[in-house]
Amino acid sequence: MRPVATLQHIRSQIDVTKVALLNRAGGNAWQEVLDIVDAAYRMDACDDDWLAGIARACQTSLDRGFGLCAFQFRHVLGEPPVISRRSALGISAELAAGYAQILREREREVWARPFAQGPCITCSQMSGQGDEFDRHPLMQRFLHPLGVRDSLWITALEPSGSGCGLHAGRARVHSPSRAFGARWARIAAHLAAAARLRQRQSAGDPPALEAVLSADGDLLHAEGPARDAVAVARLRHAVRVFESARSPAVHDDASVRLRPCLVAGRWSLLDQFESDGRRYILARENAPRSPGPSSFTPRERQVVGYAALGHDNKVIAYDLGIAHSTVKVLMARAAQKLGVGTRAELIAAYLSERASSPGLADGRRA
């Protein structure tokens, strides 16, 4: 017998309809995307406030009546992820207990699935069951009575194992559209980059400020690698693109697609306002740190590290702010160094070397 629909389930259906109508009308999706990315780069907030701010910014886009949970975690290869901090909005006590019960009863291997299958995925996709997931015994027992039949995971993870994520229940088994997945993969890249900046700052390794530019893209100050003529050109172009992404005339997908996550695999761009109201763009060194074979270059470790997290080449290109064609070349070089021919073989060999040699190079600089 199918459970009687709960009030929460009915409310979720109303919310889904409201979101669909908003999307048809254009809504304010553009502003929502900007708000999420801006919340991610709030470097002045304490960790709890930062995570709560991300949850609030994402709630309109992701909550379908079952609430939303934002969390920070550490995922070491071969171990279940460790959640270090969470911020929940609108999740009932009964639903929270249902989620917890499922986690207790699932195998340890299952806990790691959202952290190795790409930045945007649902539980039904992770299971590989499709519509059959609706008959999953644990879901039927603990979540169906509350109206939840699937859930969405947004995982902002980098190869070092640190990151943050979002989880939200869904009223039906489904797979996100390609456009939705692409949009949230880019948003997740910004969440991961911002989390990396914060982690380094709290660990006493603050990211170096290597360039200051005006909002018009004029270079006002540069240090180290940012003084190179090619780097200057890339930074100036990135700032102009950064500014164009803020235009209300830009579609919501385009706003996050245009805003660079990293510039040339090295710099994150951050806003800085002065007391006189002038605005500057700061370029801080924020290259991802990825372990990997010592025979790999730092960039090869990064690219293959992201591939091992389930990121496709287009997502990796956005993660690092490099060309899609460059990712393909780096993957091919890495495969040749490990003597393998396919992407799956490359990832398997890479993970095997990481598991057997924890002291591998960490790729601290690209």
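The values are calculated or read from the model by the stated rules, or taken from the named source; none is laboratory data. Keep in mind that this is a model prediction, so the values were computed, not measured. Every residue, glycine as well, gets a Cβ built from its backbone with ideal geometry; the counts of neighbours run over all protein chains shown.
Filtering region 251-264 for residues that are at pLDDT 85 or above and within 14 Å of PRO207 (Cβ to Cβ) leaves a non-empty set. Taking the listed residues LEU235, LEU213, LEU220, LEU197, the one that is farther than 17 Å from LEU262 by Cα, in contact (Cβ under 8 Å) with a residue 40 or more places away in the chain and either among the hydrophobic types (A, V, I, L, M, F, W, C) or not assigned by TED's automatic domain parsing to the domain that holds ILE281 (or both) is LEU220, with no other qualifying.
Where the second residue is at pLDDT 95 or above and the first is among the aromatic types (Phe, Trp, Tyr) and lies in region 160-171, which pairs have Cβ atoms under 9 Å and are six or more apart or on separate chains? From region 160-171, no pairs qualify.
Being among the small types (Gly, Ala, Ser) and either touching a strand residue (DSSP E or B) at 6+ places or on another chain (Cβ under 6 Å) or part of a helix (DSSP H, G or I) (or both) is not true of SER290. For region 324-366, the set of residues classified as at pLDDT 95 or above and part of a loop (DSSP other than H, G, I, E, B) consists of GLY339, VAL340, THR342, listed by residue number.
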